[in-house]
Structure formats: C-alpha cells, structure tokens
C-alpha cells in the first residue's frame, strides 16, 4: 500500500458513500439470485472405479440453475442425462456472463476437469466464444442450443440443437383460448427476434383456432431479464381485463407470480411454473431437454462424435420428437379445454396439423402465406419471422 | 541514536503510523476470510479446501494467472473512472455508461473506416473515439455539477441508463447486422482492426492499456502541479478557489480523463473480445470498477493490485461451483464480504490508539498499552 494515502484520508461520509455504492453493485450484480443445489456432480475426485472410461460433460448457464426458466430447463436436462447414462460425470457452472468469462470457464472445464463435451447453453455464447474455443480444442465437442450451426463455415466439432417450442405454444394458445371468456390474451415478450415473434404468432393461432375472435396483446420489455418491466406489463394487462397471460422472457417467475396475485390465468414457458401460480396456471410450453440430452449422452458413451459425422451437426424437433412438452394441466382447466388441448397435441404429433397455413394475414393486413400453401414447422422461412399474425395487438418496431 | 536510524526511512513518521496502512487492510482481509469460512462451513464445504481451490484457480499456475489478469484488465480502466474524480472530491459512478459509450464510439469508428486504412490506424481511431466519447460522457456529469450544482453521483448513475438505452436502440435499429441472428448486434469490425493477444498468452492488449493508464494517472495525480491542484480542490474547494485555482476547468478535465479510461475499456471489450457491439458489453465491469476504486482508496496504483485481487476472486468462481458444490452466488458473497471488510477498515484509520504517535511521551511509557 502506498504511503501517500495520507494525502487523502477518507471521512466517515465517504465510507458511507462507499457502502452505498457497494450495495448498489450488489443489486446490479443480481446478488439475490438464489442458491442452486447441484445434486449430481461427483466432487473433485470421482474415482468410483465402476466406469473406467468416465466421460466428463460440462454445462454452462448464463443465470442461476433455479430460475424457473431457460437455465432451469437445461439444468434439469443435464441432471437427467447423468441419471440415465452411466459413466457420465457432470460439471456445471451457473451465472456465467457472455464475455471472456465464458471462454475462461470452457477452458477451465477442458483443462482442469478434462471435459470432452461442453454444453454452453446461452444463445450469446456461440459467436465469438464457442467458435474460438472449438478451433483451439478440436477434439472437444461443443453443443449449443440455438440452431446457429452453418455447414462449412463453423468448426466440425460444433453442433447445435433446438426445439420448435412454438408447437407447444400453439397448444397453450388452444387451452388459453378455451379458458378465456372474452378472448383477450396477453404476451409479455423480451425482444422482437424471430423466435419470440414465432411463439407469439403460434400462441395466437392456437387461441384463434378455438375462438376466432381471440386477440393477443403483446408488450415488449426490451431485455431478457427485466423483472420490473415484466411486472408492470403484467399488471397493465390485468388492468385491461386480459384473462390469460403468457410470456417469453428468461425467467417467467415475475410474470407468473404477478398474474396469480391479480387473479389472472397464466400459461408458462421454458419450465414448469405451476408452483408459482398454483391456482391460475393453465399449462405451459416447456423445453424437454431430458430426452435429447439422454440420447446424446448415450451416443457419447458409444464413442460417437460430431467430428466423425456420427452425430448430426443440427438436431431439431418439436412435440413429436420430445424436444418440448406441455406442463400438466392446472386445476382451473375445464374438461373441454383439456380435450381440445390433447387433440391439438395428438394432431401435431401425428403431423396432421400444420400451424402456419394460408391464407395467413399479418396484423397490418399483408398476406404472408397465400391460400392453399403452408409452412411446415421445420421450414426455414419461419425462422425469419418478422411479422405478427392477425389477432396480435402490438407492433414490432 | 540507534532507534532513530532504523526508523529514518519513514521520514519522520512514527513506526506506529507506518504500520497502520499495512495492518488494517491485512486485518480486514483476514476477517473476511474468517467470515467467509463460516459461510462455507454452513454451506457444507470445508473452508480450508475452498481457500486452497480459490488460490489454485486464481494464482496457482500461469494459466490461472492469465485467467485472473484477463478478468482484471477491464477493471483497472473502469476503476480509474471513479478514482480520479474522487481526488477532486467527486463521487462518479457512471463507469458503466462511459464504458458503453466508449464501445459504441469505437464500433462506429471501426465500421466507418472499415478496411480503408491499415488495421493499426483503424485501432488508433477506435481508441481515440472511445477516449473522447467516454470522456465527454463523464464530463457531462462534471459540467452539471460545476455549472448547475447537480449531484454528480446521481447524474452519472442515470447517465449509465441513458448510455445503455442508446446502445440498445442503435444495435436493434440502424447498426443492426441482420445476418447475425443470435442477438441484436452491430456489424462486425474488420478483422484487421481486432485487438490481439499479448505474445504467447491469451491475455489481450487491454491489460497493457490498463497498466499504462494507471501509471499515467498515478503520475498525473501525485507528481504534477495539475494533480496537486486537483487534490487541493478535493481537500477544500473554497480554499482552492481562494487560492485562485481554476476549479471549473479542473473538474471538467479530471472528469474527461476519468471517462476516457472507462471508454477505453469499452473499446477493448469491442476490439478484443466481442468484435461487434451488443448488450454483452454491459457486464458490470463498470460497477465492479467502483468497488475497486473505493477499496484502493482511489490510489491509481493500488487500483491495479485490487483489480488483480478481484480478478482472482472472479476467476475462482467456477471452481467453487464445480469442485465444492457451492451455489453460483458464492463468489459474489465472497467478493461482498471482502469489500465490506476492507471498506469498514477504512473507518478505523486514525481511531485505533495503538497506531497513534506518542510524541508527548517517551517511548518506554507506552510499552504497557
């Protein structure tokens, strides 16, 4: 420490200011993000002896593992992989920002823990962090949720997987449309990117399939995690007499809890939020990473890799392929709504129901799909969605 | 005779006074370690094993050191944004906003020049743009303070939100690269203008920027008449005015320099890490810099040490989760405990009798204390 400090003694007031600044930092750094219990890491030296060829798999999350949302869905999938596939050891790290921090985490998992497969789950990890690491460690496999892999452009040891969760949102829309008397639905959305818009559209189309007069009011919060705005949006929807609220934000916790308090029905997203809204929770569109992670885990143990081409670089699927699923129906859901919901699930799984059918109009009156044609779930055209369908109240810009 | 020669290097200060700035921070860190140890024990981990892991992950090997230094380098720059104005008696917490504005200006400069100039010149232009943008941003808070009497802490805090909103608007609108689908981002800057790593390391050049800026700031504040004037104004602004010091100019200049440092951190983040502008640039480096500055008592050389300490704590966050099953917030708990203890120890300066000079009494008389 420098001996010059005496030229600048701190007064008590300045110390108080410092303490205030500290607590301000604590708040911004999301100090209160809960405590996740990792139930399955084998500790430092998992030398059980049972599996000589232990495979270390690393999972990295951008937020806490118990956020009732995106990260929790992945963490549950990871736990299922370890539970179902003998010989896999899981290392996990939560609340890793999309900066050099994630690069360092990946490196540390590879160099210290000996990870051979990494699942950095946040969308923003991909470019530049995963791509840079994949080039540096060509014998480690990197799997990324988001479907961003481009053949020939990206390294061979990178793969991507993603689910068509808008199929589940369609079913949620069917249930919501049945349960709402006035047909007024609400959607709290983070950002106007194709995935979000597609979820809003599918939810609306589902609702309008059972109630042609249904409308979806959309409010964008602008950020993936903006609890204050999410609560404001939910309250304002409740004030407008909206009867069912769903969302696409990182953690639906605030939306669900606020809506429950206001006595409004809710439809979940990412994971099962029924404990947060025990009375009003209708159903929800959930990721089902357990099945995909388990089958990938079995392929790893069988010696299959991305590099040899044994594992496809892009894995996608919807309800039928167990990439997503519905939350169990809540107590408020009527029998006829359940019947309609189940029928929609069956039709989608059987491939009989195509969500995007012409004629389809946007909410500004343009025709996007002409009569007689349709866009199937896996049509890349839908991944460029930049419009709201008729029935959505709100604009993208 | 013998006793005075051994103490001669303390230039007239008693050995008790000289011990104070060493013993207090050490005591604070030790208390923090004990408190955090209790926390770990309650969470079901062995505190000694946890400390061993923290040391290994942060400073135990050259790779761990690189991890630590990578995390420390933006903090060195953002800490100066609070440390410099503090010498003038201003509490500026607009580091995050200045960093974002610096990143924005750097991207604009980089995209505007494209490949029309050699990469080195583009980088220089990006650096200058970020220095100016970050500087003007904090100078705004300084000017509001000086001319209108607006509280600089509040205004600089609010400027953070404006900067982030402006950045979000631009990357979601005019600057947006439609081909980059993962999140709204600007176009990528040309590869020639990327800031590389130091030779044979994975540490980017931002570390050197941070070290040089800290050294320059130290010289400026401690060794120049400008710095002396700034410290005088910080000590007693009315006396400084009476003495004819240009307080207004000093305020604006110091705020500009402070903002430039944070702005440069934004440029490094864009040119060395993200290669384009998006919300990833908002990752609390600015707020962490406030902590660093306060713990370092606003001394620009001490900020380097504290940045490395914090970088080490952050670098060990992963191992706490992976090897000890501690929750992800543990590293924040540790960080919070260390900083609270160090800040609390600040309030003890001059209060503990044991460190006070006993000029009135002969040395032998205090031995019983």
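The values are calculated or read from the model by the stated rules, or taken from the named source; none is laboratory data. All of these numbers come straight from a predicted model, not from anything done at the bench. Note that we place each Cβ from the backbone using ideal geometry, even for glycine, and neighbour counts take in every protein chain shown.
Taking each residue of the range B:24-49 that is in contact (Cβ under 8 Å) with a residue 40 or more places away in the chain and looking for partners that are surrounded by 17 or more Cβ atoms within 10 Å (Cβ to Cβ) and not in a helix (DSSP H, G or I) with beta-carbon atoms closer than 8 Å, six or more apart or interchain, yields B:24/B:349; B:40/B:326; B:43/B:326; B:43/B:327; B:44/B:325; B:45/B:325; B:45/B:326.
Matching residues to (1) surrounded by 24 or more Cβ atoms within 10 Å (Cβ to Cβ); (2) more than 8 Å from every other protein chain (Cβ to nearest Cβ); (3) modelled with pLDDT of 90 or more:
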site: B:270; (1), (2), (3): yes, yes, yes
site: B:277; (1), (2), (3): yes, yes, yes
site: B:286; (1), (2), (3): yes, yes, yes
site: B:320; (1), (2), (3): yes, yes, no
site: B:349; (1), (2), (3): no, no, no
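Residues of the range A:120-130 include none that is more than 29 Å from residue B:265 (Cα to Cα) and more than 7 Å from every other protein chain (Cβ to nearest Cβ). Right, residue B:175: more than 12 Å from every other protein chain (Cβ to nearest Cβ) and modelled with pLDDT of 95 or more or not? Judged against the criteria, residue B:175 is not a match.
Here residue A:342 passes the criteria (1) assigned by TED's automatic domain parsing to the domain that holds residue A:83; (2) surrounded by 15 or more Cβ atoms within 10 Å (Cβ to Cβ) except the one numbered (1).
Yes/no per residue for (1) surrounded by fewer than 24 Cβ atoms within 10 Å (Cβ to Cβ); (2) out of contact with any helix residue (DSSP H, G or I) (no Cβ under 8 Å at 6 or more places or on another chain); (3) within 20 Å of residue A:174 (Cβ to Cβ):
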position	(1), (2), (3)
A:257	yes, no, no
A:287	no, no, yes
A:290	yes, no, no
A:337	yes, no, yes
A:349	yes, yes, yes
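Condition first: at the interface with another protein chain (Cβ under 7 Å from one of its Cβ atoms), in contact (Cβ under 8 Å) with a residue 12 or more places away in the chain and not in a loop (DSSP other than H, G, I, E, B). Now tell me which residues in the range B:289-304 satisfy that.
First, the residues of the range B:289-304 that are at the interface with another protein chain (Cβ under 7 Å from one of its Cβ atoms): B:290-291, B:294, B:297-299, B:301-302.
Restricting the remaining residues to those that are in contact (Cβ under 8 Å) with a residue 12 or more places away in the chain gives B:290-291, B:294, B:297-299, B:301.
B:290, B:291, B:294, B:301 - these are the residues of the range B:289-304 that are at the interface with another protein chain (Cβ under 7 Å from one of its Cβ atoms), in contact (Cβ under 8 Å) with a residue 12 or more places away in the chain and not in a loop (DSSP other than H, G, I, E, B).
Residue under question is residue A:124, and the condition is that it be surrounded by fewer than 24 Cβ atoms within 10 Å (Cβ to Cβ) and closer than 21 Å to residue B:57 by Cβ; does it hold? Please lay out each step first, then the result.
Working: surrounded by fewer than 24 Cβ atoms within 10 Å (Cβ to Cβ): yes; closer than 21 Å to residue B:57 by Cβ: no.
No: the conditions fail for residue A:124.
Quick one: is residue B:310 in contact with a helix residue (DSSP H, G or I) (Cβ under 9 Å, 6 or more places away or on another chain), more than 10 Å from chain A (Cβ to nearest Cβ) and at pLDDT below 95?
Details: in contact with a helix residue (DSSP H, G or I) (Cβ under 9 Å, 6 or more places away or on another chain): yes; more than 10 Å from chain A (Cβ to nearest Cβ): yes; at pLDDT below 95: yes.
The answer is yes for residue B:310.
All of A:303, A:263 fail the test of being in the same structural domain as residue A:183 (by TED's automatic domain parsing), surrounded by fewer than 24 Cβ atoms within 10 Å (Cβ to Cβ) and not in a helix (DSSP H, G or I), apart from A:263.
Got at least one residue in the range B:194-216 being surrounded by 15 or more Cβ atoms within 10 Å (Cβ to Cβ) and within 30 Å of residue A:197 (Cβ to Cβ)? No, because not a single residue in the range B:194-216 is surrounded by 15 or more Cβ atoms within 10 Å (Cβ to Cβ) and within 30 Å of residue A:197 (Cβ to Cβ).
Suppose the filter is in a helix (DSSP H, G or I) and either within 11 Å of another protein chain (Cβ to nearest Cβ) or modelled with pLDDT of 95 or more (or both); does residue B:58 pass it? Criteria not met by residue B:58. When the range A:137-164 is filtered for residues that are without any contact (Cβ under 8 Å) to a residue 24 or more places away in the chain and on the phi > 0 side of the Ramachandran plot, the ones remaining, listed by number, are A:146, A:152.
For the range A:99-114, the set of residues classified as within 23 Å of residue A:138 (Cβ to Cβ), in a loop (DSSP other than H, G, I, E, B) and either out of contact with any strand residue (DSSP E or B) (no Cβ under 9 Å at 6 or more places or on another chain) or at the interface with chain B (Cβ under 10 Å from one of its Cβ atoms) (or both) consists of A:112, A:113, listed by residue number. Out of all the residues in the range B:163-175, is one or more over 30 Å from residue A:144 (Cα atoms) and crowded, with 18+ Cβ neighbours inside 10 Å? So far as the range B:163-175 goes, yes, one or more of its residues are over 30 Å from residue A:144 (Cα atoms) and crowded, with 18+ Cβ neighbours inside 10 Å. Taking the range A:146-170 as the range and being touching a strand residue (DSSP E or B) at 6+ places or on another chain (Cβ under 6 Å) and away from chain B (no Cβ under 11 Å) as the test, the residues that pass are A:149, A:157, A:158, A:159, A:161, A:162, A:163, A:165, A:168, A:169.
Across the range A:184-194, the number of residues qualifying as touching a residue at least 60 places away in the same chain (Cβ under 8 Å) and outside any strand (DSSP E or B) comes to 3.
Looking only at residues in the range A:133-144 that are more than 10 Å from chain B (Cβ to nearest Cβ) and more than 21 Å from the chain's Cα centre (by Cα), which one is surrounded by the fewest Cβ atoms within 10 Å (Cβ to Cβ)? Going through the qualifying residues, I end up with A:139. Residues of the range B:325-342 that are crowded, with 23+ Cβ neighbours inside 10 Å, within 8 Å of chain A (Cβ to nearest Cβ) and in a helix (DSSP H, G or I): B:339 alone. Scanning the range B:117-140 for any residue that is over 27 Å from residue A:191 (Cβ atoms), out of contact with any strand residue (DSSP E or B) (no Cβ under 6 Å at 6 or more places or on another chain) and not in a helix (DSSP H, G or I) turns up at least one such residue. Within the range A:192-208, restricting attention to residues that are crowded, with 23+ Cβ neighbours inside 10 Å and closer than 10 Å to residue A:248 by Cα, the residue that is nearest to the other protein chains (Cβ to nearest Cβ) is A:197. Sub-6 Å Cβ pairs linking a first residue in the range B:305-319 that is free of Cβ contacts under 8 Å to residues at least 24 places away in the same chain to a second residue that is assigned to a helix (DSSP H, G or I) and surrounded by fewer than 24 Cβ atoms within 10 Å (Cβ to Cβ), at least 6 apart or interchain, are B:317/B:331, ordered by first then second residue. Looking only at the range A:171-185, decide whether some residue is on the phi > 0 side of the Ramachandran plot and in the same structural domain as residue A:358 (by TED's automatic domain parsing). There is at least one residue in the range A:171-185 that is on the phi > 0 side of the Ramachandran plot and in the same structural domain as residue A:358 (by TED's automatic domain parsing).
Going by the conditions given, is residue A:219 surrounded by 18 or more Cβ atoms within 10 Å (Cβ to Cβ), at pLDDT 95 or above, closer than 25 Å to residue A:192 by Cα and in contact with a helix residue (DSSP H, G or I) (Cβ under 7 Å, 6 or more places away or on another chain)? Explain how you work it out, then say what you get.
Details: surrounded by 18 or more Cβ atoms within 10 Å (Cβ to Cβ): yes; at pLDDT 95 or above: yes; closer than 25 Å to residue A:192 by Cα: yes; in contact with a helix residue (DSSP H, G or I) (Cβ under 7 Å, 6 or more places away or on another chain): yes.
Considered against the rule, which asks whether it is surrounded by 18 or more Cβ atoms within 10 Å (Cβ to Cβ), at pLDDT 95 or above, closer than 25 Å to residue A:192 by Cα and in contact with a helix residue (DSSP H, G or I) (Cβ under 7 Å, 6 or more places away or on another chain), residue A:219 comes out as yes.
Within the range A:353-397, the set of residues being closer than 23 Å to residue A:343 by Cα, more than 23 Å from the chain's Cα centre (by Cα) and either surrounded by 17 or more Cβ atoms within 10 Å (Cβ to Cβ) or not assigned by TED's automatic domain parsing to the domain that holds residue A:244 (or both) comprises A:353, A:360, A:375, A:391.
The residues on offer are B:97, B:89, B:103, and the sole one that is modelled with pLDDT of 95 or more, within 14 Å of chain A (Cβ to nearest Cβ) and either in a loop (DSSP other than H, G, I, E, B) or farther than 24 Å from residue B:294 by Cα (or both) is B:103.
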